[in-house]
Amino acid sequence: KLDQKIEHNEYQLTKSISENINTTLAKLQDADKSRDEFVANVSHELKTPITSIRVLADSLMSMENVPNEMYAEFMQDISDEIDREAKIIDDLLSLVKLDKSANTLVTEQVDINQLIKQILKRLRPIAQKRDIEMTFETIRDVSADVDETKLSLAINNLIENAIKYNKDGGFVKVSIDADHKFFYIKVKDSGDGIAPEYRDLIFERFYRIDKARSRQTGGTGLGLAITRNVVHLHDGIIKVSGKEGEGTTFTVRIPLNHVKRRDKK
Ligand code: ADP
């Protein structure tokens, strides 16, 4: 009887060990797969502008007498592609830095109203070009313990998107609220909205709903990944809502006081 019991226990133990090994392996494979996908995406995204530049330069060089107008047009296209490459590299560096400095948020008491006002001031000329009205609503002074540079980058991405994916003559409404524990930033726009099936995907690195349009608007697909990263580093959450065809609202909720933790990822 005892033998049987020992055998059974051994069997249980081996079973649970092998199950553990299997789940660990599966996790490692997942991490491997997502890293491979990321590297493949990075290579693809970095190569695209370079391929365009190559084609444009080659065709200019192969022509004998290039009309001035055509020359200017091709050069403009080359210059645009270089800007695009630079933007992708900038965004990638931001993401990598966020990963590396995960434990080192440099937080201090920041006037959140002021932070938003500065971003709006910076983006106003882009909005004005498309006749988009930007408004800011705040109930009271909100001061919070945040990493100013990183949070500014995160909110900038949301407001820039609200302009980019809007219609001419539309609006962007930014508002701030707070309770005793959290502050809330809302960015609402009058664009086409985001269908429910895309609401998780848009936060993935390089994910863009409409690749052609996003390319036209200078998108890299990294903006929201950066934003979510920053919000999570602050122990916050980010949500997207809005009815299809009636614009989008992004809501960020971040604790007023940052709790430093050593094991934070
Ligand atoms: P991108 O650089 O392409 O703007 P993001 O990561 O910032 O990349 O956004 C990912 C995708 O989510 C965008 O390509 C766009 O399709 C969609 N998106 C983001 N913000 C909005 C918005 N305010 N309204 C509609 N679609 C949006």
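When all alpha-carbon pairs of the chain are counted, what percent fall beyond 33 Å?
Values: 12835 of 34980 pairs.
For the chain, the share of Cα pairs beyond 33 Å comes to 37 percent.
Fewest Cβ neighbours within 10 Å first, please rank 260, 186 accordingly.
Final ranking by Cβ density, sparse to dense: 260, 186.
Determine the shape class of segment 5-114: with a ≥ b ≥ c the square roots of the Cα gyration tensor eigenvalues, call it rounded for a/c under 1.5, and otherwise prolate if a/b is greater than b/c, oblate otherwise.
Judged from the Cα gyration tensor, segment 5-114 comes out oblate (a/c at least 1.5, b/c at or above a/b).
Using the Cα centre of the chain as the reference point, and only Cβ charges (+1 on K/R, -1 on D/E), how large is the resulting charge dipole? Debye, rounded to the nearest 20.
880
I'd like the Karplus ³J(HN,Hα) series for segment 43-49: coefficients 6.51, -1.76, 1.60, θ = phi - 60°, whole numbers in Hz, and an x wherever there's a Gly or Pro.
Going residue by residue, I get 4, 4, 5, 6, 6, 4, x Hz, with x marking Gly and Pro.
Among 232-244, 122-134, what's the highest-first ranking by average C-beta atoms within 10 angstrom per residue?
232-244, 122-134
Would you mind checking which residues have amide H under 5 Å from residue 171's amide H? H placed 1.01 Å from N; only 5 or more apart, or other chain.
133, 190
Taking the Cα atoms of segment 102-178 alone, what are Rg (to one decimal) and Dmax (as a whole number) in Å?
13.4, 42
Looking at segment 150-202 from every direction and averaging, what is the projected area of its Cα convex hull in nm²?
4.7
Can you tell me the relative contact order of segment 101-207? Whole percent, Cα pairs under 8 Å, sequence separation 6 or more.
That works out to 27 percent.
Mind listing the phi-derived Karplus ³J(HN,Hα) values for segment 163-173, rounded to whole Hz, using 6.51, -1.76 and 1.60 with θ = phi - 60°, and x for any glycine or proline?
After applying 6.51 cos²θ - 1.76 cosθ + 1.60, I find 7, 4, 9, 9, 9, 4, x, x, 9, 10, 10 Hz.
Specify the inter-centroid distance of segment 216-230 and segment 55-129, based on alpha-carbon positions, in whole Å.
Segment 216-230 and segment 55-129 have Cα centres separated by 12 Å.
If the reach is capped at under 19 angstrom between alpha carbons, list the lysines near residue 15, excluding any in the same chain fewer than eight residues apart.
Leaving aside lysines fewer than 8 places away in the same chain, those within reach of residue 15 are 5, 27.
Give me 61, 70 sorted ascending by neighbouring Cβ count inside 10 Å, so fewest comes first.
Fewest-to-most Cβ neighbours within 10 Å comes out as 61, 70.
Given 237, 158, 132, which one lies farthest toward the positive end of the charge dipole of the chain, if we put +1 on the Cβ of every Lys and Arg and -1 on the Cβ of every Asp and Glu?
237
Which lysines, if any, have their Cα less than 20 Å from the Cα of residue 164, not counting same-chain residues under 8 positions apart?
Cα-Cα hits under 20 Å: 87, 117, 121, 129, 173, 186, 188, 211, 239, 243.
For segment 68-73, take each phi angle, set θ = phi - 60°, evaluate the Karplus expression 6.51 cos²θ - 1.76 cosθ + 1.60, and give the result in whole Hz per residue in order, putting x for glycine and proline.
3, 4, 5, 4, 4, 5
Could you work out how far apart the two model spin labels at residue 29 and residue 200 are, taking each label as a point 7 Å from the Cα in the direction of the beta carbon, and quote it in nm?
Rounded to a tenth, the inter-label distance reads 2.0 nm.
Every number in this text was worked out from the coordinates using simple rules, so none of it is lab data. Only a predicted model underlies this, so the values are computations on that prediction, with no experimental measurement involved. Every residue, glycine as well, gets a Cβ built from its backbone with ideal geometry; the counts of neighbours run over all protein chains shown.
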